[in-house]
Amino acid sequence: MSAVLSALATMAVIAFAGWVLATFRVLGEGAQQVLARLVFALATPSLLITTIGEADLALLLTRTAATTWVSTLTVATAAVVIFGVLLRRGRGQTTVASLAASYVNAGNIGIPVAIYVLADALAVVPTMLMQLLVLAPVAYAVLDTAGASRRELLLRPLRSPLTIGALIGLTLAVVPWTPPDAVLQPLRLVGTTAAPLALLTLGMSFAPKRRGETPSSEPATSADARPPGHWVDVSIVAALRAVVHPALTFAVAHGLGVDEEHMLGVVLMAALPTAQNVLVYALQFDRGLRIARDAQVITTALSVPLLVGVVALLH
């Protein structure tokens, strides 16, 4: 338990360092965006290539992975039923709410948790694959009403550096060929920066803004006004994200016979907060902006005691 708490403390210190850097403008304006792009475009794809590529692919076809897929799809489906059928929200609002309830922050928080707490970067891979290859393409297809072709809708998510990195890793895990060290060593080295850079970026996101400064990720849009029933929707999303998903994951894992060693990892991944990507989708398609933003803030705040509680109960 002390080792796990030490790992969580390490993550907190790195995130706090990011907050200090951003608060005092040590790296200048726009540093958070630059680091976020570096993590998204290079560090995390490099980590995925080496982690998945050097792993036994059978590890991705385990009861643990099945638990992740079943619980995630169940939560996403439940959100669609609640918001689309029972509450009769619009298609865009329903889609964003469903994403906010099921799409977790596997990059900025999941990777550091997997590395520092679980000492196994592969623990986050089933979650990332589910989100990159299933949730994201479906969300794009539903949200995009601008007349894009079906082929464009299917290919757009596959152009993400994270998806490309995961697919390259899967390919390397399948084919009977290993790239030379001259190729893998630089990827391994760059991949080791993914977790600390993601934590620095996370800390920077909580830094106070200067008077009159508006975060670049929060422009005023037609979706910016809180619609009627907004806080009811956010409360439902937060409950699905912070309570239902972890509890359901534990139940499914127990039912599938997941051992204690892997139980902690799969429940921790389910207890992660709403991903920043959900806000990106809401902004891009001008749908459900407020629920995406507020759900991300609330579930991120809830995730700290939630993750500590999961560790205390299952470790």
Can you tell which of A43, A78 is touching a residue at least 60 places away in the same chain (Cβ under 8 Å) and surrounded by fewer than 20 Cβ atoms within 10 Å (Cβ to Cβ)?
A78
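Given the criteria under 24 Å from A139 (Cβ atoms), buried (at least 21 other Cβ atoms within 10 Å of the Cβ) and modelled with pLDDT under 85, does A282 qualify? Quick ask: steps written out before the conclusion?
On the way: under 24 Å from A139 (Cβ atoms): yes; buried (at least 21 other Cβ atoms within 10 Å of the Cβ): yes; modelled with pLDDT under 85: yes.
Yes; evaluated as a whole, the condition is true for this residue.
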Any chance the stretch 120-132 includes a residue that's closer than 14 Å to T274 by Cβ and either surrounded by 24 or more Cβ atoms within 10 Å (Cβ to Cβ) or modelled with pLDDT of 90 or more (or both)?
yes
Any residue in the stretch 47-59 that is crowded, with 22+ Cβ neighbours inside 10 Å sitting within a Cβ distance under 8 Å of a residue that is of a type in the set (K, R)? List the pairs, counting only those 6 or more apart or interchain.
T50/R188
Just wondering, is there one or more residues in the stretch 253-262 that are modelled with pLDDT under 95, assigned to a helix (DSSP H, G or I) and within 22 Å of the chain's Cα centre (by Cα)?
yes
Since R37 meets every condition but one in (1) farther than 21 Å from M128 by Cβ; (2) at pLDDT below 95, which condition does it not meet?
(1)
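The values are calculated or read from the model by the stated rules, or taken from the named source; none is laboratory data. Since we're looking at a predicted model, the values are computed, not measured. For neighbour counting, all protein chains shown are included, and Cβ atoms are generated from backbone atoms with ideal geometry for every residue, glycine included.
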